[in-house]
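Just so it is clear, none of the values below were taken in a lab; they were calculated from the coordinates. These numbers were taken from a predicted model, which means no experiment stands behind them. In this analysis, Cβ positions are derived from the backbone assuming ideal geometry, glycine residues included, and neighbour counts consider all displayed protein chains.
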Amino acid sequence: MMLKVEGVSKRFGGLLAVDNASLEVKQGSIVALIGPNGAGKTTLFSIVSGFAPPDSGEILFQGRSIKGLPPHEICRLGLTRTFQIVQPFAGLSVLENIAVGAHLHHKKREDALAKAREVAVQLGMGRMLDLPAQDLTVAGRKRLELAKALATSPSFLLLDEVMAGLIPSEVQEIVTMIRAIRSQGTTILLIEHVMQAVMSLSDEVYVLNQGAMIAHGTPQELVRNETVIEAYLGQGAARRLNTEQTNA
Ligand SMILES: Nc1ncnc2c1ncn2[C@@H]1O[C@H](COP(=O)(O)OP(=O)(O)OP(=O)(O)O)[C@@H](O)[C@H]1O
């Protein structure tokens, strides 16, 4: 297993945001983490990437504990995350923003810029390089967030809702890019609400609800799982759906 999250919990005051959650990601796979709003998905990402310490549990990356390491050290080991709320460095161009990520493994400015250019071209941002980052559209900012992460040359990427707010054709482009990133050897764990993308991309899906992991399986298994349907649509939804299908 490339990543193992074992029995992780995190409390914010009276709220148990993550409740004894575990998951595993195999090298070379694309795994999705889904669940209703407020389920604890982003909190779990923050714990794995070192931005928030867990109260209990263990995180193993390539067999070694990364619990308690700061984000930049975890990133240096090859595990990089994107953020749901994209905040490009204002005042810097698109190219310079991407180069910030590239500086992790490229000390010389020209090397970092060369790596940034390579990533930008891969993500179809070749013509936006000199634009001020704050001028980008929502889709452009999402892509920039992906580019900054990719420029750190990660072996493992945590993607937090990189498709939110995009129109279907833009979603399709990002789906194609994520497949390409995986085929170049990067393992991917993604939080996503766009179910069509989850279904077409993921080898496995984990479902978090009120902090607890309630289901795990292939996408095809999960769409038929009553517990998952109820978590999304409310109590009795699976029964109502079944009745509707029978009556249809
Ligand atoms: N720093 C914090 N302090 C207090 N409560 C927090 C903090 N971060 C998150 N929470 C709470 O923890 C719960 C889980 O939030 P989290 O953002 O992890 O959910 P999520 O599954 O990512 O939701 P969404 O799909 O809406 O992004 C929510 O009730 C949220 O309000």
Compute the acute angle (0 to 90°) between the alpha-carbon long axis of helix 138-150 and the principal axis of greatest extent of the alpha-carbon atoms of the chain; round to the nearest 10°.
80
Pairs of alpha-carbon atoms within less than 8 angstrom and 6+ residues apart define the contacts here; what relative contact order does region 62-116 have, in percent?
24
What is the angle, in °, between the Cα long axis of helix 109-122 and the longest principal axis of the Cα atoms in the chain? Nearest 10 is fine, range 0 to 90.
50
Within the chain, how many Lys pairs that are eight or more residues apart, or on different chains, come under 26 Å at the alpha-carbon?
21
Taking every DSSP beta bridge that has both residues in the chain, what percent is antiparallel when rounded to the nearest 5?
55
Taking the Cα centroid of region 33-53 and of region 54-68, what is the distance between the two, rounded to the nearest whole Å?
14
Region 203-228 and region 76-102: distance between their alpha carbon centers, rounded to Å:
31
Over the chain, what relative contact order in percent results from Cα pairs under 8 Å that are six or more residues apart?
25
So if I take the centroid of the Cα atoms in region 110-146 and the same for region 150-197, what is the distance between those two points in Å?
15
Against the longest principal axis of the chain, how steep is helix 237-247, in degrees 0 to 90 to the nearest 10, with axes from Cα atoms?
70
Quick note on 111, 19, ordering by fewest other C-beta atoms within 10 Å, gives 111, 19
Tensor-based shape of region 1-146 (alpha-carbon gyration tensor, a/c under 1.5 rounded, otherwise prolate or oblate):
prolate
Listing 175, 86, 94 from the residue with the fewest other Cβ atoms within 10 Å to the one with the most, what is the order?
175, 86, 94
